[in-house]
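Please read the structure below before turning to the comments.
The values are calculated or read from the model by the stated rules, or taken from the named source; none is laboratory data. Quick caveat, the model's predicted, so the values are computed rather than measured. Quick reminder, even Gly has a Cβ in these numbers, built from the backbone with ideal geometry, and neighbours come from all protein chains shown. Note: areas computed on protein heavy atoms with side chains; ligands, DNA, RNA excluded. Shrake-Rupley method; radii C 1.70, N 1.55, O 1.52, S 1.80 Å.
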Number of protein chains: 2
Amino acid sequence: MAYQSERLIAQTREVREASGVSQRALSKRAGLTQSHISQIESGKMEPGLSSFIDITRALDLELMLVPKKLVPAVLGLVKAQATPNMHIHAGQPNDKRFARAERLVKKMKELYGSSADLDRVEDTLRFLRRVNLNDQEMQLVRELIARLERYQASDQAAPIVRDIAQNLQRLRNSIAHGGSAEPRAAYSLDEGDDDA
Amino acid sequence: MAYQSERLIAQTREVREASGVSQRALSKRAGLTQSHISQIESGKMEPGLSSFIDITRALDLELMLVPKKLVPAVLGLVKAQATPNMHIHAGQPNDKRFARAERLVKKMKELYGSSADLDRVEDTLRFLRRVNLNDQEMQLVRELIARLERYQASDQAAPIVRDIAQNLQRLRNSIAHGGSAEPRAAYSLDEGDDDA
DNA sequence: TCCTCCGATATAGGATCATGCATCACTCAA
DNA sequence: TTGAGTGATGCATGATCCTATATCGGAGGA
């Protein structure tokens, strides 16, 4: 329950996963228990304000109060910068990450059948794997993969897969298409992508 | 305790007071009890995340997650918009005057210890700072601040501080209560000042 | 004066947070 | 297979949140 905080909690989870930080590692940094964090992230309990602040701090985030009128502006600011920030500890080397993601896609295709979107995901992953990605780009890929893992079994998976496919392809195009390209970044630190 | 959340809580209190909303009115909007809000604001208890979100929502604020790196930028954004485009006297000498006065009060509290009157002065200054004052009102504030500066070190300071506190609070009440109907609040929150 | 509103405080009881274990099923690498 | 890592789950205990209700002193306004 507690629909109000769902979005904030989901954001911390996305950042944590995108940074390659495990619940146990986070629990040590934040001074909480892994069990506690698991229950919070899975919506089984509602954290106290200070617990939640501990979590955000441990993720190098800050909880800020913003007048409603300025929310879109702040959102734009955050989105534009796409936080190439968390080097904390890349849990896995990149190609392992890609390998795992490709296995996941393969499994999904077996379980739920092939789809154009899954094909696109597979295709772009294969491409991106062979390219040198900068921090920002890698960050984006990490987040997209994390989302894919999280929602793989959801009955809402279809539109999410579609969105992931689009983001991956956009990244691929911007790379293949000549160096600069804008930090197109459909980023995660804002709009909730979930859920029901 | 809970130093991390103190700042956020203090902010909600400032916004609430600046909007002329009582704890009781806020409690109705947020769906909490007045006693609860009092204890939170005075630091006697730590709210749950959802309770705190209820409070912020009721104050037309949004709780946002921002990468630490972007905090200064967001702060600048918020601060820039904090005062509406209302016809403020150019150059903001008023703001500086308030800032100076608040520093003075803080210093006095350090030197001579806290007192109810100093607290009142501090509170009312914080309120008045965010409000558009007409010439007459600003004149009164100027005089009061000048008196405070003049008598800060006097051994007769106590009754003078008391008198200043009373005058400031009277002014605040007349404004918050809509007495003189004029430009008004920087933070506009609909005036549902009712309560039980 | 009487009345209203303010914020702070007290009490009691029920709900839930949070910890500290332990354990589970799962995935991956050696 | 074995060992390590992941997140989810269970459970007992203690802490504290949160409500509901009532009261208090202080500050106006009628």
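The set of residues in the stretch A:128-151 that are open to solvent by less than 50 Å² (accessible area, probe 1.4 Å), at pLDDT below 70 and either in a loop (DSSP other than H, G, I, E, B) or hydrophobic (A, V, I, L, M, F, W, C) (or both) comprises A:Val131, A:Leu133. Look through the stretch B:11-37, keep the residues that are more than 9 Å from DNA strand C (Cβ to nearest atom) and among the aliphatic types (A, V, I, L, M), and return whichever of them is farthest from the other protein chains (Cβ to nearest Cβ). Selected residue: B:Leu32.
Within the stretch B:15-27, if we keep just the residues that are surrounded by 18 or more Cβ atoms within 10 Å (Cβ to Cβ) and assigned to a helix (DSSP H, G or I), the residue that is modelled with the lowest pLDDT turns out to be B:Ala18. Scanning the stretch B:27-59 for residues that are of a type in the set (Lys, Arg) and touching a residue at least 24 places away in the same chain (Cβ under 8 Å) gives B:Lys28, B:Arg29, B:Arg57. Which ones in the stretch B:38-72 are open to solvent by 50 Å² or more (accessible area, probe 1.4 Å) and away from DNA strand D (no atom under 12 Å from the Cβ)? Selection gives B:Arg57, B:Asp60, B:Lys68, B:Lys69, B:Pro72. Could you list, in sequence order, all residues of the stretch B:27-37 that are more than 21 Å from A:Tyr3 (Cβ to Cβ) and more than 6 Å from DNA strand D (Cβ to nearest atom)? Selection gives B:Gln34, B:Ile37.
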